[in-house]
1. Once the dipole of the protein assembly as shown is set up with Lys and Arg at +1 and Asp and Glu at -1 on Cβ about the Cα centre, which of B:PRO273, A:GLY218, A:ALA96 lies farthest towards its positive end?
2. Using a 10 Å cut-off on Cβ atoms, rank the peptides B:231-238, B:120-127 from the highest mean neighbour count down.
3. Other chains near B:120-128: what is the mean number of their Cβ atoms within 10 Å of each residue's Cβ?
4. For the range B:334-418, what is the accessible area per residue in Å² when the probe is 1.4 Å?
5. For the range A:411-423, what does the Karplus curve 6.51 cos²θ - 1.76 cosθ + 1.60, with θ = phi - 60°, yield as ³J(HN,Hα) per residue in whole Hz, taken in order and with x for Gly and Pro?
6. Under 1.5 on a/c is rounded, so check that first for chain A, then, if it is not, pick prolate when a/b is larger than b/c and oblate when it is not; a ≥ b ≥ c are the square roots of the alpha carbon gyration tensor eigenvalues.
7. What does a probe at A:ASP182 reach in the range A:325-354, counting residues whose amide N is under 11 Å from the point 7 Å along Cα→Cβ?
8. Which whole-number percent gives the relative contact order of chain A, counting Cα pairs below 8 Å spaced six or more residues apart?
Amino acid sequence: MSGDGGYDVAVIGAGVVGTAIARQLARYRLRTVVLERSNDVGSGTSKANTAILHTGFDCGPGTLESGLVRRGHRLLAEYADVSGIAVERTGAVLVAWDREQEGRLDGVVAKAHANGYLPAHRIDTDELYRREPGLGPGATGAVVVPDEWIICPWSTSVAFATEAVAAGVELRLGTEVHGVVDDAGGWTLITTHGSLRAEWVVNAAGLHSDIVDRQCGGGGFTITPRRGQLIVFDKLARPLLSSILLPVPTERTKGVLVAPTVYGNVILGPTAEDLDDRTDTATTEGGLAELMEAGRHILPGLVDEEVTATYAGLRAATEHRDYQISVDGDRRYVVAGGIRSTGLTASLAIAEYIVEQMAHTGAVLHEVDEEPTIPRMPPLGEAQRRPYQDDELMASDPEFGRIVCFCERVTEGEVQRACTSAIPAVDLGGLRRRTRATNGRCQGFFCGAAIAARLADGRP
Amino acid sequence: MSRPVRRVDALVVGGGPAGLAAATALREGGAGSVVVVEREDHAGGVPRHCHHSGFGLRDQHRVLSGPAYAQRWADRAVASGATLWTQTMVTGWSAEGHADLTGRRGRERVEARAVVLATGARERPRAALLVPGSRPSGVFTTGQLQRWVHGEHLPLGHRAVIIGAEHVSYSAVLTLREAGVRPLALVTRLPRSQTFAAFDLLCRVGLRVPVWTETTVTGIHGRDRVDRVELRGPDDRRRHLAVDTVVFTGEWVTDHELARAAGLAMDPGTGGPACDAGGATSLPGYFAAGNLVHPVETADAVAVRAASVGAAAAAWLRRRDPGPVAPADARRVRVEAPLRWVAPNLVRTDHRSNQPVLLRSGEFLDRPRLQVEQGGRVLASYVLRRMVPNRSHHIPSDWCRAVDPGGDEVCISVSSTR
């Protein structure tokens, strides 16, 4: 669009939504920059969710979220298929535990249908216990949602960012936006590493999107971080369930669920606590106790297995029920805020929608000639063929036969690849999200020191 | 994909003191090809990372450092004719029960006539103990700490708190001091330290590290690095302690993934496979040894007991030579609270071992009277001077011969204390 040395578009935030938007913008002849205050993509809310690929069956019918989640499910499933992001088509059962909840199941099905999701249907308890024999006693009915799947959230942001960067998008990590000035013909963004100019600003700042919005002259919403604590159980718990076990949702929350993860674990959570502090990702005694109690009820065998990890994520909840997405062509400003737990699923649809709206409101978009190259991501899924099982890969490089993280069976070859990839791991968190190293049951007892040394010496 | 299968007489999984001692005994008992698979760079197991002295008293009859002790066992196993594969890991079992291996040589499948599982134990990390708070760096287990300091020479903090007051907790004190970190206190939820009185005294008086009893850690805080822990003491008193390093010690759990994947019956007390005095499990041909079946004993005690498992596995191979042998009927042995576990926990009628039986209590007990009974019939009773949590106590095993092979399970309980 512009050619004055500045950027056409500056995207603030490299979470799953920001990277998806960057990837979408990369299809056009634009100079795009992504500004991210942390040192990695997908390292805020995007890394700590329930990792479910939602159908949107329980969204508010008619909302923007409903439509974008539905489309996003299809887009991301296709993208995952091509890029090798782990997905398992587990399905979900939404379980009622008393007459009152059972009475709401028909409403759940009706809402799913109103959202355009027709495969949701009721099953009786015989069928429920046949599908999920590990379920605790006392269930009174259930709804099956066949297309609620599980996905690897970590690879998703990295894949989007990798694709965007390969197509020419500039990614500036460790760069925080301190101020935004709207002057004639564009925006000036003041960052920790100097200022830059851009014609359009896309605010995908997640938990901070309301602050950035006010800096940009908006102010239509306020984020109240909603903390979700989760417990990750040992892989030996995985055979206890085959699908995602959902509770009957209430007005405020989807409730505590039990779900397999693509890494072969089982997660239990999340809690839902409204906070003031946008950085408070601590777990609490009460929160963990509440989850263990719920877990004992839903899947009694679960609490006999070891806990591998606990964590908490913050969902960017607002006072509004729907996503806060708007595209202002006059001011050349886009905000994608208030995107809660469904953001991972909806990310590609959000990006598609925003870029369409930008075109409608005056942005001049010319497609690039080259087809985008979807990157091939390392197989992090337990159902995929992992490098330690891959004869060909080992034959090409014996480092893929040297397992350095025993619990998760991560090889030296994978660690090397993660440290030298287009968007490399720069710390332990980044390495964990790219390889699973040290994520296992020993939490570093065996390999923690060697992996830390490996990162410290900067060797590729 | 079907792959060539390598056949061996015995496959030993795990090259720590248990696996190496079992392999040596297998070879000395006449087993032909014995392969020890070790996933780390070198064999030797946990002692390899314990740089303090005190190893080898009961099996090598001298006092050695951990690494020197580990090396001696590796040398002995190789000298006995066992083959050692390091940087190689058994990742699972095929449908036919063959072991799937991944190593620098690629993938291999091994069919063994006898398998000895010696996969050991690990300390329960912070998450398994459900300690809430943020997730900063600076939180360790002793195992990770030792590798951090002695293996990789990585920088550590300045002020540490140690969670636990059992033997290994004192090992963490030594490692921290060596790394220039000041241990401020040992914290235990139990009413007293569980180590030897001499260690306790040396630590409290000599090194001036107090033991805070009846205290639990209820929170870890800090953004990038730990800056404080929250503790709850007796009478629910809470306090904060400024530290940059937290070491979770002890609370051992067995590394039982392969045992469970093989379908072995597990013992609810130890968390390892149920097995008899010769290490024979519920599945013929599968043996278990070391801290996988008694979490945990000191390395020399492990090696002595594992050697008898190796010998039993060798005897089983010899008996099996004409054809498969059915193991004698086994009875389960269980314990009642406050006892935590017993090992061995299967008794077979052909019991020959003269190894004492190991018992653990979850509480401090003064002059406990222990009763061994089967279906209301008292097989034996013993009075011990005392029992201390996280330490094994021995009772004789002669009652094993009196067990009725067709009877109920055997139960060990505490009938009275002083």
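1. B:PRO273
2. Packing order, densest peptide first, comes out as B:120-127, B:231-238.
3. 6
4. Result: 47 Å² per residue.
5. Per residue, the Karplus-derived 3J(HN,Hα) values read 9, 4, x, 5, 5, 4, 4, 5, 7, 10, 6, 4, 10 Hz.
6. Oblate is the answer for chain A, as a/c is 1.5 or above yet b/c matches or exceeds a/b.
7. Backbone N within reach: A:328-334.
8. 21
The values are calculated or read from the model by the stated rules, or taken from the named source; none is laboratory data. Remember, predicted model here, so these are calculated numbers, not experimental data. No Cβ is skipped: glycine too gets one built from the backbone with ideal geometry, and neighbour counts run over all protein chains shown. We work out accessible area using only protein heavy atoms, side chains counted, and drop any ligands, DNA or RNA first. Shrake-Rupley method; radii C 1.70, N 1.55, O 1.52, S 1.80 Å.
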